[in-house]
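Quick notes on the structure that follows.
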Amino acid sequence: MIKVGVAIAALAAVGFMLNEPLASYEVKGMHLCCNGCNGAATGALNGGGAKDASASSGSVTFMAANDGAAQKALDKLTAAGFWGTIESKTVRLNDDSGTVLPPKAKPVKISSGTWKGAHNCCDGCNKALKAAIKGVEGVESEDCAANKATFIVKGAYNPADLVKATHDAGYHAKLEKADVIREKK
């Protein structure tokens, strides 16, 4: 009987050493209007290696073994078209929108841009996304529709302003193609 108890204790100790402690992370300010949004956000995080992702009230929480694992999960979250804020000095949401310019570059304006990747699963998503787009100075029209993978925004606007507006609304989109307005000399 003592041998069985010692064996169980030894197995428990080995299991404890193999299970790396998990850290908790939270992303706030996301657009999560329905079960489709919640499922897509938690699915992206879990698909990126997170553990126990859950979504509610505009935020997602998840566990990860370390910051590297958390970063991979966050990269999957933005690839799924979501954005928010995370209070961390070691992990962040990466803006791969195609609109980030070098520090000394002049702002760019485009007359038409094709955007992709924003999570837009339902009418609630689409309404909020349209409102964010229309709030950008210089935007004249958009053809954003629920469940549509891409949308075109026309006008004379700075694409970085559109990214900021969509981020503020809890979305992440990438500029796929743009017609740049050239300055006349």
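For the range 177-184, check the following and say yes or no: at least one residue is farther than 28 Å from Asn35 by Cβ, without any contact (Cβ under 8 Å) to a residue 40 or more places away in the chain and among the acidic types (Asp, Glu).
Checking the range 177-184: at least one residue is farther than 28 Å from Asn35 by Cβ, without any contact (Cβ under 8 Å) to a residue 40 or more places away in the chain and among the acidic types (Asp, Glu).
Looking only at the range 109-124, filter to residues that are touching a helix residue (DSSP H, G or I) at 6+ places or on another chain (Cβ under 7 Å) and farther than 20 Å from Leu32 by Cβ; which one of those is surrounded by the most Cβ atoms within 10 Å (Cβ to Cβ)?
Result: Gly113.
Let me confirm something: among Ala70, Ala105, which residue is among the aliphatic types (A, V, I, L, M) and buried (at least 17 other Cβ atoms within 10 Å of the Cβ)?
None of the others qualify; the one that does is Ala70.
Can you tell me how many residues in the range 43-63 are assigned to a strand (DSSP E or B) and exposed (fewer than 15 other Cβ atoms within 10 Å of the Cβ)?
4
Tally the residues that are in a helix (DSSP H, G or I) and farther than 16 Å from Cys37 by Cα, restricting the search to the range 125-176.
13
Output yes when any residue across the range 89-108 is over 24 Å from Ile152 (Cα atoms), in a helix (DSSP H, G or I) and among the small types (Gly, Ala, Ser), and no when none is.
Checking the range 89-108: not a single residue is over 24 Å from Ile152 (Cα atoms), in a helix (DSSP H, G or I) and among the small types (Gly, Ala, Ser).
Working carefully through the options Ala165, Ala132, Ala169, find the one that is small (Gly, Ala, Ser), in contact (Cβ under 8 Å) with a residue 60 or more places away in the chain and surrounded by 15 or more Cβ atoms within 10 Å (Cβ to Cβ).
None of the others qualify; the one that does is Ala169.
Quick note: the coordinates plus some simple rules give every number you see, no bench work behind them. Keep in mind it's a predicted model, so treat the numbers as computed, not measured. For neighbour counting, all protein chains shown are included, and Cβ atoms are generated from backbone atoms with ideal geometry for every residue, glycine included.
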